[in-house]
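To start, the structure itself, in structure tokens.
The values are calculated or read from the model by the stated rules, or taken from the named source; none is laboratory data. Please read all numbers here as calculations on a predicted model, not as lab measurements. Methodologically, a virtual Cβ is constructed for each residue, glycine included, from the backbone with ideal geometry; neighbour enumeration extends over all protein chains shown. Surface areas here come from the heavy atoms of the whole protein model, side chains and all, with no ligands, DNA or RNA. Shrake-Rupley method; radii C 1.70, N 1.55, O 1.52, S 1.80 Å.
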Amino acid sequence: MPRDSKSDARANSQAGTERSRPLLHQHAREIQPYGKIAKLSIALDESVCAESAENLNQVLADTITLRDLYKKHHWQVAGHTFYQLHLLFDKHYEEQNELVDSIAERIQSLGAISLAMAADVAETTIIPRPPRGREEVPVQISRLLEAHEMVLKEARTMAKQAVDAGDDGTNDLLVSDVIRTNELQAWFVAEHVVDVPLVRAAGGGSD
């Protein structure tokens with residue numbers, strides 16, 4: 001018995017709708033738990049990858065925190081140097097954001113899992129949390145310089161560990177990107193709190 005053409009059209013329409021409908025509310029177990037290595041063919045022992053990933057996740061958490069500290073100060077800076085610091089803080093934010101991506105990708109290339117969510121970063125970072133409110137420029141700069149030094153101390157220690165373990169890629173990232181970027185930014189920021197006269201040289205005579 002021939003099928004009704006209207007029934008066929010209706011069936012085809014419903015089938016097409018089902019196929020194009022998003023599959024929502026899906027849940028499953030993690031495919032890789034945090035802290036575990038999915039061994040990749042990168043000629044490094046799994047133990048080396050695990051140590052480097054753990055170190056880099058600490059640097060990542062502190063870099064994310066420093067990056068966000070720059071954005072906070074970018075929004076909240078005040079005073080006669082507002083314009084210069086507003087631009088400088090945002091420039092440094094963007095540079096730190098590039099570091100965040102590079103560090104996270106290195107962790108993933110080691111076969112590990114990088115930190116990503118704000119709550120996990122907050123639990124891991126060693127950089128002190130600032131107040132929610134606005135602070136004076138010298139305090140903002142002091143916070144940034146202290147954060148830079150924390151990142152630099154750990155990056156130098158971890159770079160040496162990477163060299164000793166034969167992980168040249170991690171060492172290169174820490175030295176060429178993390179350390180050099182933070183050193184340069186610390187210099188640019190620190191020069192804003194040098195106590196020099198604005199108009200008349202200290203102890204200088206006038207014509």
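Values for this structure:
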quantity	calculated
Enumeration of residues in the range 74-87 that are among the aliphatic types (A, V, I, L, M) and open to solvent by 20 Å² or more (accessible area, probe 1.4 Å)	ALA78, LEU87
Residues (open to solvent by less than 80 Å² (accessible area, probe 1.4 Å) and of a type in the set (D, E, K, R)) located in the range 91-102	GLU95
Residue that is nearest to ASP62 (Cα to Cα) [pool: residues in the range 74-83 that are free of Cβ contacts under 8 Å to residues at least 40 places away in the same chain and assigned to a helix (DSSP H, G or I)]	HIS74
Residue among ALA78, ALA43 that is over 28 Å from PRO130 (Cα atoms) and over 18 Å from the mean Cα position of the chain (by Cα)	ALA43
Some residue of the range 46-59 being open to solvent by 90 Å² or more (accessible area, probe 1.4 Å), at pLDDT 95 or above and among the acidic types (Asp, Glu)	yes
Per-region count, the range 46-75, residues under 15 Å from the mean Cα position of the chain (by Cα), within 17 Å of PRO131 (Cβ to Cβ) and of a type outside the set (Lys, Arg)	5
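Residues are listed down the side, and each one gets a yes or a no for (1) touching a residue at least 40 places away in the same chain (Cβ under 8 Å); (2) out of contact with any strand residue (DSSP E or B) (no Cβ under 7 Å at 6 or more places or on another chain); (3) closer than 28 Å to ALA186 by Cα:
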{"site": "THR17", "(1), (2), (3)": "no, yes, no"}
{"site": "SER20", "(1), (2), (3)": "no, yes, no"}
{"site": "PRO33", "(1), (2), (3)": "yes, yes, no"}
{"site": "ASP45", "(1), (2), (3)": "no, yes, no"}
{"site": "GLN58", "(1), (2), (3)": "yes, yes, yes"}
